[in-house]
Amino acid sequence: MSATVLLTGATGYIASHTWLALLAAGYRVVGLDNFSNSSPKVLERLARLSGQAPLFERADVNDATALEAVFARHRPDAVVHFAAFKAVGESAEQPLAYYRNNVGGLLGTLEAMRRHGCSRIVFSSSATVYGMPESLPLREDAPLSAINPYGATKLMGETILRDLGAADPQWQTAALRYFNPVGAHESGLIGEDPRGIPNNLMPYVAQVAVGRRERVQVFGGDYATPDGTGVRDYIHVVDLAEGHVAALRFLLGGRESITVNLGTGRGYSVLELVRAYEQASGRPIPYAIVARRPGDAAANYADPSLAQERLGWVARHDLQRMCEDSWRWQRMNPQGFEA
Ligand code: WQD
């Protein structure tokens, strides 16, 4: 019988793509979300894409009673824990909400797991745990630091998992440090649907291409990078989803824990991304270079070799494909899921 996997934050951007990838890999998936930053329409789209009704529980990971009932009903063999807030700027304005939801939600999930003898968890960490990188590419053993409350919650999450594994070797944990997830499923039926003004570059560019916003503000043109704009390791969300499947297989197939980068190892500048998006969409993307955004590093990209060695995982989609798939999603759903 195939393993049952509980996905928290299941209707979010990365989780919904991972849900599909897990189903395709033969797992039984139970999704859980409180829709605090996602749409119930994701479930209809997942049903269409997978040809089966998704198993879903509407609940908040901070609600211990509700979690208890979900664990009792579905008896998951593993958890992939996505449920968290993710906006850096907002985290500085509302630190308590971030610590409560990201750290408290993880603790509640781990406590429910322990009560039910479920000891395998895949955790959404972030390249933000590297703070301001001293040297590139980033290996997993690079120095770690938090430069905002969001980053602090991810660093704490990793620490909690490490301490748990040290206290009880029964626990098997995978912390996945995502670089910059972009793109969408090739169907154009699911994708990123930010509420309000997008914080991140590609969704902003997508909304300019589709005519929802006038121009991209390029944060800084005088960085020590080839064209002066910030360089990041953009990774296709479908590759990232496959990374979760690989991490889960690793946990289910052995006795070890792992902390690993999920990136392509290749950096692209803001202007390279804008040009690639113009190509993919056939639309002009007006932009203006403005002041740097506080807290941004000049460049950031992964050394993804550990994921290849230990998980047998590599990113397969290039920047052009990321832009094409993002554009298909944006074009088919100009107002996101709420259209
Ligand atoms: C990418 C590049 C910007 C917007 C953030 C978080 C990180 C992670 C992912 C999430 C940078 C530039 C951006 C815009 C721009 N967390 N930019 N104009 O900053 O690498 O990572 O998101 O869950 O923790 O920090 O991603 O997409 O915001 O920026 O010029 O309107 O695009 O300066 O060089 P970032 P991003």
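Read-outs throughout are calculated quantities, based only on the coordinates presented, and are distinct from any laboratory measurement. Just so you know, these numbers come straight off a predicted model, no measurement behind them. All Cβ positions, glycine included, derive from the backbone under ideal geometry; neighbour counts span all protein chains shown.
Figures for the structure shown
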| quantity | calculated |
| --- | --- |
| Reciprocal of mean inverse Cα separation for region 155-312 (Kirkwood radius, Å) | 17.6 Å |
| Debye, to nearest 20: dipole size of the chain, +1 on Lys, Arg Cβ, -1 on Asp, Glu Cβ | 560 debye |
| Backbone HN-Hα couplings from phi across region 171-184 [Karplus 6.51/-1.76/1.60, Hz, Gly and Pro as x] | 6, 10, 10, 10, 9, 9, 8, 6, 7, 10, x, 8, x, 7 |
| Whole-number Å³ per residue for the convex hull built on Cα positions in the chain | 123 Å³ |
| Long-range HN-HN contacts of Tyr178 with modeled amide H, under 5 Å | Ser125, Ser126, Ala127, Leu262 |
| The chain, helix-only ellipticity at 222 nm - DSSP H runs n ≥ 4, -39,500 (n - 2.57), divided by all residues, nearest 500 | -11500 deg cm²/dmol |
| ³J(HN,Hα) computed for each position of region 295-312 - Karplus, 6.51 cos²θ - 1.76 cosθ + 1.60, integer Hz, glycine/proline x | x, 7, 7, 5, 9, 7, 8, 8, 9, x, 5, 5, 4, 5, 5, 8, 9, x |
| Positive-pole candidate from Ala25, Asn62, Ala72, dipole of region 1-81, charges at beta carbon | Ala25 |
| Likely footprinting exposure, Trp329, Trp19, fewest C-beta neighbours within 10 Å first | Trp329, Trp19 |
| Residue order, fewest to most beta carbons within 10 Å, for Ile190, Ile289 | Ile289, Ile190 |
| Lys41, Lys154 arranged by Cβ crowding within 10 Å, fewest neighbours leading | Lys41, Lys154 |
| Relative contact order, percent, the chain [alpha-carbon distance under 8 Å, six or more residues apart] | 19 percent |
| Difference of contour (0.36 nm per residue) and Cα-Cα distance, Arg73 to Glu272 | 66.8 nm |
| Rel. contact order, % - alpha carbon contacts under 8 angstrom, at least six apart, region 109-243 | 23 percent |
| Stretchable slack from Glu309 to Tyr287, in nm (0.36 nm times residue separation minus alpha-carbon distance) | 3.9 nm |
| Spin-label proximity, Ser187 to region 1-19 - amide N less than 13 Å from point 7 Å beyond Cα toward beta carbon | 16-19 |
| Charge dipole (debye, nearest 20) of region 158-205; +1 at Cβ of Lys and Arg, -1 at Cβ of Asp and Glu | 100 debye |
| Segment Asp227-Leu96, length gained on full extension (0.36 nm per residue, minus Cα span) | 43.3 nm |
| Two-decimal Rg to Rh for region 72-174 - Kirkwood Rh, Cα set | 1.00 |
| Near-label residues of region 298-339 by backbone N, under 17 Å of a point 7 Å along Cα→Cβ of Val210 | 322-339 |
